[in-house]
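Report on one structure; see the data block that follows.
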Amino acid sequence: MEKYANRRRRTREFSVGDMVLLKLPYRLWRKALSKDTHKGLIARYDGPFEVVRRIGKVAYKLKLPDRLKLHDTFHVSFLKPYYDDAEDGERSSAQRPPPTVRDFFEKEVDTILQHRVIRWGKSNKRYEYLVAWRGEPIEEATWEREQALWHLSKESKPVKLEGKKLSVLLEHSSRSVTHQQSQPE
C-alpha cells in the first residue's frame with residue numbers, strides 16, 4: 001500500500017534564505033471576491049517570501065509582510081519554489097494587491113442605516129450593512145460587508161443606528177460583535 005501512496009508524492013525541501021510562493025488559504029482569498037471579480041481570476045499564490053527557518057521535517061517559517069495577517073509557519077504543501085523571470089521582471093511582480101480585509105476606512109462611520117442578507121445556495125449567506133459616512137450626504141451611503149466592519153467592536157466612539165442596535169443586526173451573524181451603542185437623539 002505504501003508503494004501506491006508514495007507514487008505521486010514529491011519531497012520538497014527548502015534552505016534558509018530561499019524564496020518561495022505561499023498558497024493562500026481559502027478564507028483569505030474568499031474575502032477578495034466581490035461582484036465584479038470572478039473566483040477563477042484571483043491568484044492562489046502570493047509572494048515571493050523568504051524562508052527564515054525549517055521547523056521539523058515538513059514545516060517552514062516565512063518572513064511575511066504585515067498586510068498578511070497570518071501565522072508565519074506553514075506546511076510544505078502550501079509552498080512552492082519561486083523562480084525569478086530573467087527576461088521580464090515585471091511579469092513576476094504582483095499586478096494587484098493581495099486579498100485582505102480593510103482594517104481602516106478613509107472616512108469615518110456616522111450611521112448604519114440598514115442591513116441585508118445575501119444568500120446563495122441553501123446554507124450560504126453573507127451580511128451587509130448600509131453605512132452613512134460622516135460629512136457625506138445620505139445618498140453617498142455604501143453597502144459594506146460584515147467582515148469590513150470588524151473595527152466597530154474596538155472603537156471607543158459609539159456609532160448611531162437608525163432603528164436597531166448593531167448587536168440586534170449581528171445576532172444572526174456567523175460571528176458576534178459586541179459593541180456599546182448610544183441611542184439616536
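All of the numbers you see were taken from the coordinates with simple rules; none came from a lab. This one's a predicted model, so the numbers in the text were calculated from it and none came from an experiment. Here Cβ is always computed from backbone atoms with ideal geometry, including for glycine, and neighbour counts include all displayed protein chains.
Let me check I've understood the local charge: for Arg9, count other residues with C-beta under 14 angstrom from its C-beta, Lys and Arg +1, Asp and Glu -1. What total comes out?
Summing Lys/Arg as +1 and Asp/Glu as -1 gives +4.
With a 10 Å Cβ neighbour count serving as the proxy for reagent exposure, in which order, fewest first, do Trp143, Trp133, Trp120 appear?
Trp120, Trp143, Trp133
So for Ile118, Ile42, fewest C-beta neighbours within 10 Å to most, what's the order? All intermediate terms of the calculation are to be shown ahead of the outcome.
Working: Ile118 11, Ile42 16.
With the sparsest Cβ surroundings first, the list reads Ile118, Ile42.
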